[in-house]
Each structure stands twice: as structure tokens, then as C-alpha cells.
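The values are calculated or read from the model by the stated rules, or taken from the named source; none is laboratory data. Fair warning: this is a prediction, and the values are worked out from it, not measured in the lab. Glycine gets a Cβ as well: all are built from the backbone with ideal geometry, and neighbour counts include every protein chain shown. Each accessible area value is taken on the protein alone, full model and side chains, heavy atoms only, with ligands, DNA and RNA left out. Shrake-Rupley method; radii C 1.70, N 1.55, O 1.52, S 1.80 Å.
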Amino acid sequence: MKIILLQDVKGVGKKGSTVQVNDGYASNFLIPKGLAKVSTEANQAQLKKDNAAEAARQEELKKQAEELALRLEHINVEFKAKAGSDGRMFGTISPKEIEEGMKKQWGITIDKRKFLDKTPANGFGYTRLRIELYKGQAGHVVGTVIVHISEDR
């Protein structure tokens, strides 16, 4: 039986693909569980329409990510930290703190898990951190945020 997968099914295929499976597997498991539907002309047409809508949505998400990347180039996230007697910084500024600082100082919300550089900002001065703003079928967008850490006196 030829079916269209509505979700990813391990060992069968990815969501949206048309595959050939045994009749019993399709009618007793995949279709009743809502994992697939029978491949008909109408269902194929609907699949094409859904794929086109998803592609347009992905392009829009990528465009928004590119605009955010341009905006991030022109901002600095400011932090103050205490220094020891030797002039070195105590502790580090974690991605979570940078996320909160961006939201508080600039109104930009970015999930801390999107930071590509796993090393935290741990020294005075300027640090550039890369952020994955979009990853999908339409491409990959990475932005850079500048973190400035100054000594708290």
C-alpha cells in the first residue's frame, strides 16, 4: 500500500514522504495511530500545498533571522564584574546571563542554547560570541553579539 507519512517513522521514512509499506502495517498500525494516510490524488495535492506553505514559512523565518543578525552587529551587551588584586576577573559571564542582559538592555530574546561558543566570557574587555539564529532547509544564519565586560569599582 502506498501511504503519505504525517510524522517521522523510524525505519519507514520522514514526515511528508510517500512510501510503499505492507497493507497490514499501514491499515493496522500507521493509519489508526495517525502516523500516515493513504496516498490518493487528493492527498498528494494537499501534500504539495502543505510543502509549499512550509517552504514559504521557512523562508520568512530565515529572513527574520537575517534581519536580527544585522541588528546584533551594532549592539554591545554591557556587564560589570569584580576584579581580584592581580587585575583578573572573578568568575565568568554565562550564556544565561548574556541572554538576560540582551533582553534587559536591548529587548532582544534569544535562547541561551543557541550560543555556538560554549566558552563563557571570562575576561575584561570585548568578547564576540556567535549565535545560531536559524537552521533549516532554507539555509543557516549565524549572528554575532559583542559582550563588553568592565571592572566594577
Could you order Tyr25, Tyr134 by accessible surface area, starting with the largest, using a probe radius of 1.4 Å? Tyr25, Tyr134
Accessible carbon and sulfur surface of the chain relative to its total accessible area, %, 1.4 Å: 50 percent
Just the accessible area for Thr127, please: 1.4 Å probe, Å², rounded to the nearest 10? 40 Å²
Taking the structure as given and computing Kirkwood radius over Cα pairs in Å, which label from (1) 15.4; (2) 19.1; (3) 17.1 fits? (2)
Given charges of +1 on the Cβ of Lys and Arg and -1 on the Cβ of Asp and Glu, with all other atoms neutral, how large is the dipole of segment 4-153 about its Cα centre, in debye to the nearest 20? 240 debye
Under Karplus coefficients 6.51, -1.76 and 1.60, residue-wise ³J(HN,Hα) of segment 67-82 in Hz, glycine/proline x: 5, 5, 4, 5, 5, 5, 4, 9, 10, 10, 9, 9, 9, 10, 9, 7
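Give me the accessible area per residue for the chain, probe 1.4 Å, as a whole number in Å². Write down the numbers at each step before the final one.
Details: 10120 Å² over 153 residues.
Roughly 66 Å² per residue, with all protein chains present.
For the chain, what relative contact order do you get, as a whole percent, if you take Cα pairs closer than 8 Å and at least 6 residues apart? Don't jump to the answer; show the numbers that get you there.
Numbers: 234 pairs, mean separation 33.2, N = 153.
Value for the chain: 22 percent.
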Shape call for segment 8-95, from the Cα gyration tensor axes a ≥ b ≥ c (a/c under 1.5 means rounded, otherwise prolate when a/b beats b/c, else oblate), comes out oblate
Among Phe79, Leu61, Ala138, the residue whose Cα sits farthest towards the positive end of the charge dipole of segment 54-153, when +1 is placed on the Cβ of each Lys and Arg and -1 on the Cβ of each Asp and Glu, is Phe79
